[in-house]
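All remarks here apply to the structure that follows.
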Amino acid sequence: MFYLNDIGRYFIMIRMSFFKPCKWKVLKKLIFKEINDLIIESIPIVSILSFFIGAVISIQTALNLSNPFLSKSLIGFATRQSVILEFAPTFMSIIMAGKVGSYITSSIGTMRVTEQIDALEVMGINPLNYLVFPKIIALLFYPFVITIAMFTAIFGGFLAMTFAGVPSEAFITGIQMDFEPYHVFYSYIKTILFAIILATVPAYHGYYMKGGALEVGKASTSSFVWTSIIIIVVNFIITQLLLS
Amino acid sequence: MIEVKGLVKSFDGNMILNNISTEFVQGKTNLIIGQSGSGKTVLIKCLLGLHSPDDGEIVYDGVSNRNMTQAEKTLLRREMGMVFQGSALFDSMSVLENVMFPLKMLTKKHNDEIVQRAVDAIKRVELKKAKEKLPSELSGGMQKRVAIARAIVMNPKYLFCDEPNSGLDPKTAIVIDNLIQEITKEYNITTVINSHDMNSVMEIGEKIVFLENGIKNWEGTNKEIFSTKNKSITDFVYSSELLKKVKKFL
Ligand SMILES: Nc1ncnc2c1ncn2[C@@H]1O[C@H](COP(=O)(O)OP(=O)(O)O)[C@@H](O)[C@H]1O
Ligand SMILES: [Mg+2]
């Protein structure tokens, strides 16, 4: 019963954020600000993490392909598959649940506990449109971040293998081997769903929180827990639907 | 003038406001007093339309809150200004941007005019020098002034203040109280102020409503409050040792 109530309120929140919009001039500014805060400022950490994880994936694959009869190009192939299918969209989204999610929860939550949301409401402004809508729109650019993650991870794998003495032609052949556009489609479908989850689940935790500064911290933590659980479960469902 | 008739509000089965009837007079500072938790904030939020009452009626200059359409509610909101207990300034915006905010969001005025009106409001609360500062760089009293400027920049008919001098030293508190009273007279606003501060009661209590456990226990003026025989009122008024001593000399 308790969770049903939350789920209902969550969907009503999303719906309400599209109603009674603020002036377009104001919204445009807010959207650009959120694109900067949520998308652009996430690119450095995403690139660094992807680069090293990509390198580790290729090293570990190489370790398991020690049989001299197996072609070295399989390393490139396996790295590409794990990066595109799982690592870039899902793993990165969990990281983003920590970075972007806790930022969203704490910024909206602080506005709630200091009555700034009430102040918006008193002025006759729809706080959900003002606060949540620009974040949803900004995160529609999230696939762009994941694309960067895919490229840097594969590049990280490539560099690691070059250092390890694997001929670069073999790795590149592997990257191009048996390419399935459908896998990329599946990956981007996931990414868009994760983007919507990343914008709305933390916003929900911030918007409906009660209490003071201490509770803002607690809300950020539970927001991270819930966002990552939902991402993992949605990942499972989408994979069942699209890949099996 | 705001008339409140038989207002009832409860949360999760707890009756917070129990059949409150009173009126708040135009051009005067109307005070709602009572202990913490007595329902003052809930009453103000009902007047603002942030809480919808379970029963009863609120009449704003002849316009009842019953059967109001959403559009009418929005229009009524624009005639209201609110000073929140913690000021509720937008912390990413400067003083000037905070005061300009309602004009920018809700009117179609030209930017020059918006800036002019915001600067006028900031001048009115005597903060001209601080207009480029961020709220975090201001003292509590200055933040309250910004909140007042933001509340009056749309020329409201109704001004609500939730404990406007909580967290301020006694001297600043009286300055803020007096500022609110001056503005009330100047623009002939219906002002409703929540307070549990006896200094405010004495300074600006032109009309006082005393709440106790969600019931209106007493109402009157700051002249009457010291002579009433009402036990709850005298307990509240003379709660401090200092005032008890003063009472002996009266
Ligand atoms: N949104 C709410 N939900 C549930 N209970 C509330 C809510 N707002 C206030 N209350 C309860 O109403 C009572 C009166 O609160 P309030 O009006 O804030 O008191 P005060 O007179 O100190 O301003 C308190 O017991 C409080 O717990
Ligand atoms: Mg209160």
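List the relative contact order of chain B as a percent without decimals, with contacts defined as Cα pairs under 8 Å and 6+ residues apart.
27 percent
I'd like the interface area for chains A and B: accessible area of each alone minus the complex, both sides summed, 1.4 Å probe, protein heavy atoms only. What is it in Å² to the nearest 100?
1700 Å²
Would you tell me the mean number of C-beta atoms belonging to other protein chains that fall within 10 Å of each C-beta in B:83-94, as a whole number?
4
At 20 °C and a viscosity of 1.002 mPa s, what translational diffusion coefficient does Stokes-Einstein give for the range B:127-250, taking Rh as the Kirkwood radius over Cα pairs? Give it in µm²/s as a whole number.
Working: Rh = 16.1 Å.
For these conditions, the coefficient is 133 µm²/s.
In peptide A:123-133, what is the residue-averaged number of other protein chain Cβ atoms found within 10 Å of each Cβ?
What the average comes to for A:123-133 is 3.
Would you work out if the range B:1-92 is rounded, prolate or oblate? Take a ≥ b ≥ c from the square roots of the eigenvalues of the alpha-carbon gyration tensor; rounded if a/c is under 1.5, else prolate when a/b is larger than b/c, oblate otherwise.
Note, shape of the range B:1-92 comes out rounded.
Using a Förster distance of 51 angstrom, determine the FRET efficiency expected from the C-beta separation of A:THR173 and B:LEU50, and round it to 0.05.
The pair A:THR173/B:LEU50 has a calculated efficiency of 0.20.
Hey, what number do you get for chain B at 222 nm if only DSSP H runs of n ≥ 4 count, each worth -39500 (n - 2.57), divided across all residues, to the nearest 500? Mind dumping the intermediate values first?
Working: 9 runs with 97 residues, N = 250.
After summing the helix terms and dividing by residue count, I get -11500 deg cm²/dmol.
Lys and Arg at +1, Asp and Glu at -1: add these up for the other residues within a Cβ distance under 10 Å of B:CYS161 and post the number.
Overall, the nearby charge balance is -2.
For chain B, take the longest principal axis of its alpha carbons; what is the angle in degrees between that and the long axis of helix B:111-124, to the nearest 10 within 0 to 90?
That helix lies at roughly 40 degrees to the long axis.
If I take R0 = 45 Å and measure r between the Cβ atoms of A:PHE185 and A:GLU215 in this structure, what FRET efficiency does the formula 1/(1 + (r/R0)^6) give, to the nearest 0.05?
The pair A:PHE185/A:GLU215 has a calculated efficiency of 0.60.
Report A:TYR182's accessible area, 1.4 Å probe, all protein chains in place, as a number in Å² to the nearest 10.
90 Å²
With a 1.4 Å probe and all protein chains left in place, how much accessible area per residue does chain A have, in Å²?
Working: 11890 Å² over 244 residues.
For chain A, the per-residue accessible area is 49 Å².
Angle between the Cα long axis of helix A:142-163 and the longest principal axis of chain A, 0 to 90 degrees, nearest 10?
So the helix axis and the longest Cα principal axis differ by about 30 degrees.
Taking amide H atoms as placed 1.01 Å from N in the peptide plane, list the residues 5 or more away in sequence, or in a different chain, whose amide H sits under 5 Å from that of B:THR191.
Under 5 Å from the amide H of B:THR191 lie the amide H atoms of B:GLY27, B:LYS28, B:ASN30, B:LEU159, each far enough along the sequence or on another chain.
Between rounded, prolate and oblate, where does the range B:89-155 land on the alpha carbon gyration tensor, with a ≥ b ≥ c its root eigenvalues, rounded for a/c under 1.5, else prolate if a/b exceeds b/c?
prolate
Tell me whether the range A:46-243 comes out rounded, prolate or oblate; compute the Cα gyration tensor, take square roots of the eigenvalues as a ≥ b ≥ c, and use a/c under 1.5 as the rounded threshold.
Judged from the Cα gyration tensor, the range A:46-243 comes out prolate (a/c at least 1.5, a/b above b/c).
Nearest 10 degrees, 0 to 90: what angle lies between the long axis of helix A:102-113 and the longest principal axis of chain A (Cα atoms)?
The two axes meet at around 10 degrees.
Of all the Cα-Cα pairs you can form in chain B, what percent are over 25 Å apart?
45 percent
Just for the protein assembly as shown, what percent of DSSP beta bridges are antiparallel, to the closest 5? Walk me through the numbers before you get to the answer.
Values: 19 of 37 bridges.
Bridges in the protein assembly as shown are about 50 percent antiparallel.
Can you give me the relative contact order of the range B:146-250 as a percent, contacts being Cα pairs under 8 Å and 6 or more apart?
Relative CO of the range B:146-250 lands at 18 percent.
Average partner chain C-beta neighbours within 10 Å, per residue of B:40-49? Kindly include the intermediate steps, with their values, before the conclusion.
Numbers: counts 0, 1, 0, 0, 0, 3, 0, 0, 3, 3.
Average per residue, whole number: 1.
Determine, at each q value in 0.09, 0.13 (inverse angstroms), the log₁₀ of I(q)/I(0) that the Debye formula gives when each Cα of the protein assembly as shown is one equal point scatterer.
Evaluating at q = 0.09, 0.13 Å⁻¹ gives log10 I(q)/I(0) of -0.73, -1.19.
With every protein chain present, what accessible area does A:PHE185 have (1.4 Å probe, heavy atoms only), rounded to the nearest 10 Å²?
110 Å²
The values are calculated or read from the model by the stated rules, or taken from the named source; none is laboratory data. Just so you know, these numbers come straight off a predicted model, no measurement behind them. In this analysis, Cβ positions are derived from the backbone assuming ideal geometry, glycine residues included, and neighbour counts consider all displayed protein chains. Note: accessible area is taken over every heavy atom of the protein model, side chains too, but ligands, DNA and RNA are not part of it. Shrake-Rupley method; radii C 1.70, N 1.55, O 1.52, S 1.80 Å.
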